[in-house]
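Notes follow once the structure below has been shown.
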Amino acid sequence: MVSGYKGKVLELIKKHGLEVGDRVLAKNERISFSGILMPRSELDDDQHLILKLDDGYNIGLSIEGLVVQKLPSEESKISPPPFEAKSNPSLPKVSIISTGGTIASKVDYRTGAVSPALSARDLYQSVPELGDLADIRTEILLSVLSENIVPENWGSMARSVSNHIKDGAKGVVITHGTDTMGYTAAALSFALSNLPVPVILVGSQRSSDRPSSDAYLNLKGAVFAAARAPFAEVGVLMHGGSSDSSLVVHRGTRVRKLHTSRRDAFASVNALPLARVQDGKIETYGGYRRRGGGELELKANFEEDVVLIKSFPGVPPDIFDPVIHRGFRGIVLEGTGLGHLPESLFPSIRRAIQSGLTVVMASQCLYGRVNMNVYSTGRELLNMGVIPAGDMLPETALVKLMWVLGQTDEPEKIRELFLKNIAGELSERSDFIDVERG
Amino acid sequence: MNGHEAFRGRNLPALAVESVNHHIKVGIEIHQQLDTPKKLFCGCPTVLREEDPHFSILRRLKPTYSELGDLDRAALFESERRRTFCYQGYNDTVCLVELDEEPPHDLNRDAVSISLTVAALLNMTPVDEIHVMRKIVIDGSNTTGFQRTAKIAFDGWLMDGEERITMQSLCLEEDAARKISDTPEMMTYRLDRLGIPLVEIATGPDIHSGEQAERVALQLGRILKATGRMKRGLGTIRQDLNISIEGGTRIEVKGVQELGLISTVVEYEVTRQRNLLLLREELKRRGVTAPRPKVVDVTDVFSSSNGKVIKKALESGGRVQAVLLPGYGGLLKTELQPGRRFGMELSDHAKVFGGVGGIFHTDELPAYGITEEDLRGLRKKVSATENDAVVFVAAEAAVGSVALNAVVMRASEALKGVPGEVRAFNPDGTTHFMRPMPGSARMYPETDVPSIVVGADLLDKIRRDLPELLEKRTERYIKEYGLSKDLAALIVDSPYAITFERLVKSDGLAPSFVAATFEYTLKMLKREGIDVESLEEGQIRDVLIRVHKGEVAKEAVAEIFRWLASNRGRSIEEATRALSLGAVDTAALKAAVAELVGRNMERIRRDGERALSPLMGDLMKTFRGKVGGKVLHELLKEEIRRRLEGAPR
Ligand SMILES: [Zn+2]
């Protein structure tokens, strides 16, 4: 395997029958080094090879005039300490379903890159304390970075959760990349109807191969919340601040990633979080669906032909043409302010609705609710048949529309279902709350 | 306690104290902060701050498996302590990168250039492509749990007299956070220092004495300074020393900040290793085998003890626990370094691993309120004879047990000789145990930072712009500017060399006056505790030009700097006004001169030129520091000439 190498340097490596991980002697007229041939980033040039020297440093050597030779490599005698999975049947059963992402990634020393590689079992192994919190089952469902998640994956996640609950899980943890974790959380909130136990999505902003990773605390908190939380809802658990002390569980339909890199990137928008987890205690914030009662009902169909379009000054009206022609079924508009669009778009919107598309209006303000009665342009959109998304996040509105269109084809049912609060995504009242963010 | 003397006569040969020996091998590792405007991986300024931090956060670190699957020993050691780390920062000079809340930005190119310049001055070969690594350090000094470091160059040399000293490697790395406080539960660091670029230069183990180590360190320091891009002052340069003797083991002594201590540290470490080898011989002679880590609870023996520490520990629910070191009797008193006995090594291990305040052992007792009777009970309880040593601690049971296990481990290592470890130095040059030697498998690629190709263009530019070495510059200053040897050496060594040369060249100021201002006046003010660094180059230049023109008296320079330093952002005009310098208006001055001359006409007629000097003296009494001497002199001469030429009265 000679990953990452290309062009001239690849020729050189192949000529000498070298592989990544081989011990190599490399010399030219100035230098002579022995070290381990390391993988190279695909983006780097084809003029250098990388050696790991005995002091641990990697250096790049120019192949110009470089003579390489394979050396006999000594077998590494060191192996990780044996792992014994603790099992304690007296603890609540919790399932960890792994889907990939940073919480489940490590540096691949073959490719030199962070990739989703740690299995649920690996995670459990690297955080053995999990065994003191719950009796754990693990499943590797997917192994994808969250930017590559598609609505179909939501369906398989929902079905997997359902199976684990049928098998007696008192809570389910899903490890997930953070980029689209909010979308998945919303999707599962709609798909898992009449949920009897907590389903906690958890991720990390620093990969778990790093000593400072937030993965450990987040994962412990997620398992703890899955095992003990009084609520039976889909939540996203992440750091509540930059410190490794408090964790927050956000309601799946109200959560948004609001920072690219901070540990506390996630925030509840237009609602209080479900709970705070700190010092081994779960403190809830207010109303929630209680654990127990009822049979889980799986409604895991999502209509993928829905788009999210953001309004902006100068937005060209014809961007809607391909959406209409290609036969999409729904459009979520991210309007400005209370839910407005430039009038130049009105003919396109009218045409879309006449063509049978469901058109929904959310606000790019994120905070607050749309109100399309205040200005005449808003009223005109309402008259055309645009459905206001209330205080729903645009992304939640998107996922909800996908879900609604996956449940029914009847226009009246669509409108009715969309306007109904299904999983705490919509409220009649806007509470005056101190927004918990940054 | 003078037990050692008696003991030495009985069992051990005299302490070995000898400094020069060709079996001594010393390598130096110099860490020097670079004076770049920005940090190595972010845009924050490289400033340390003393005022109250704006925020703080709490974190924990967890060790991870390295690529070889080996959980690094030193890393594990730190994590065993399961501490919380508190990080302090400032909103305007610490960003999300230091907080480990944002990926590192690209490697600072300015710092790369400086490193390559140093490498060239040390005759080293640069790498063709720079790769940033993560060196695992989980003592909390890096928020990430690793230090970012990159190898820049290798295999150079410098000469120490006739001897060639290898420069093994030069790395560019980020400095760690500053430790502010340290308790068993919480370690507090300040993030201002984290990320300041530093070069780490490691010599080969080619040095054979403490004096030589000191010379090499000095020479390295001067080469670094020649770049004009090094930070100065306390804490900006640190030396680690790797010391071994034949039969001994490589020991790393961390963080020696003063050059003058290097030879002492080497000398004392050589002494320590020799004494440990002698101790091993003595243990062998006695037929001692490795002690067993059997911790015995001896609380009942001390239940009514008057020992303060013991009493206090028992009152708060602690236990007294002991281990037996069979055959070690008397050996814990062995002096390894001046004032540091073998018992203290055991104690340091107990402190570091167990977090206890210290240990008691039978070789130093009775004392500290512990009686002969207590000791008899103790010995009986653990079945110790006079030939054995007993070590005990009073602490919470779990903590005490960890501490005593560490003691047994260290005592066993004495049978092998010198255990490899990292030591920290004490102000007197002796050292104490800090942590075990880190394993080698603790480097991971920093995948967030792209590699940098060191191109021929860059290297050509570095070679073209190589700075003048300090020795050369001194010679040139003597020749070109007529400075005295002392003054030239001083100015070259100071942070002002470049400014000095600029002022002399651009403004035609007298070199010795400029040099003296920097080296004598500013240094004097610094000694007074005045913040000389806050003076801007432009201000200094302006003051010197005014003196040159005679607008400001030479004597007033110090006063003006003093005022400017404590009134930041204010102008020189404001300074002179506030100090009533130059505030004397010309008319008043002329009148004063005329009056003085008038009063002394008789004397002037009598003495001619010779009268000038006492009159100047009188004028200076009134106007010293307010009007330049040159100006006074001119005025005086003119007035005299006017009178003598017979202007009518
Ligand atoms: Zn910064």
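Every read-out reported here was derived from the displayed coordinates using simple, explicitly stated rules and does not represent laboratory data. Computed from a predicted model, the values in this text were never measured in an experiment. Ideal geometry is used to build each Cβ from the backbone, glycine not excepted, and the neighbour counts take in all protein chains shown.
Observations, loosely collected:
- Computed over the alpha-carbon atoms, the protein assembly as shown gives an Rg to Rh ratio of 1.07, Rh here being the Kirkwood radius from the mean inverse distance.
- By the count of neighbouring beta-carbon atoms within 10 Å, fewest first, B:Arg193, B:Arg232 end up ordered B:Arg232, B:Arg193.
- Considering all different alpha carbon pairs of chain A, the Kirkwood hydrodynamic radius works out to 24.2 Å.
- Chain B: angle of helix B:262-286 to the longest principal axis, Cα-based, in degrees nearest 10: 10
- For chain B, the fraction of alpha-carbon pairs lying more than 50 Å apart is 31 percent, rounded to a whole number.
- The stretch A:286-438: C-alpha pair distances exceeding 20 Å, %: 50
- At 1.002 mPa s and 20 °C, Stokes D of the stretch B:586-645 from Kirkwood alpha-carbon radius, µm² per second: 188
- Per residue, the convex hull spanned by the Cα atoms of the stretch B:31-236 amounts to 145 cubic angstrom.
- Debye intensity ratio I(q)/I(0), log10, the stretch A:7-75, q values 0.18 Å⁻¹ (C-alpha model): -0.61
- If only the Cβ of Lys and Arg carry +1 and only the Cβ of Asp and Glu carry -1, the dipole of the protein assembly as shown around its Cα centre is close to 1640 debye.
- Across B:Lys25/B:Lys254; A:Lys257/B:Lys62; B:Lys179/B:Lys526; B:Lys523/B:Lys554, pairs whose alpha-carbon gap is larger than 20 Å: A:Lys257/B:Lys62; B:Lys179/B:Lys526
- Local net charge near A:Arg326, Cβ-Cβ under 15 Å (Lys/Arg +1, Asp/Glu -1): -3
- To the nearest ten degrees, helix B:497-507 and the longest principal axis of the Cα atoms of chain B are 10 degrees apart.
- Spatially proximal aspartates and glutamates relative to B:Lys284 (Cα-Cα < 15 Å; intrachain offsets below 8 disregarded): B:Asp388, B:Glu413
- Radius of gyration and maximum dimension Dmax of the stretch B:299-455, Cα, Å: 19.6, 76
- Fewest-first ranking of B:Asp493, B:Asp388, B:Asp348, using other Cβ atoms within 10 Å as the exposure measure: B:Asp493, B:Asp388, B:Asp348
- Other residues within the sphere of radius under 12 Å centred on the Cβ of B:Ile180, judged by their own Cβ, net out at +1 (K and R +1, D and E -1).
- Between the Cα long axis of helix B:537-549 and the first principal axis of chain B there is an angle of about 30°, rounded to the nearest 10.
- Kirkwood radius for the stretch A:80-298, taken over all pairs of different Cα atoms as the inverse mean of 1/r, rounds to 16.8 Å.
- Local charge for B:Lys284 was computed over the other residues whose Cβ lies under 15 Å away, with Lys and Arg +1 and Asp and Glu -1, and equals +1.
- Qualifying aspartates and glutamates (Cα of each under 13 Å from Cα of A:Lys8; at least 8 residues distant if same chain): A:Asp44, A:Asp45, A:Asp46, A:Glu64
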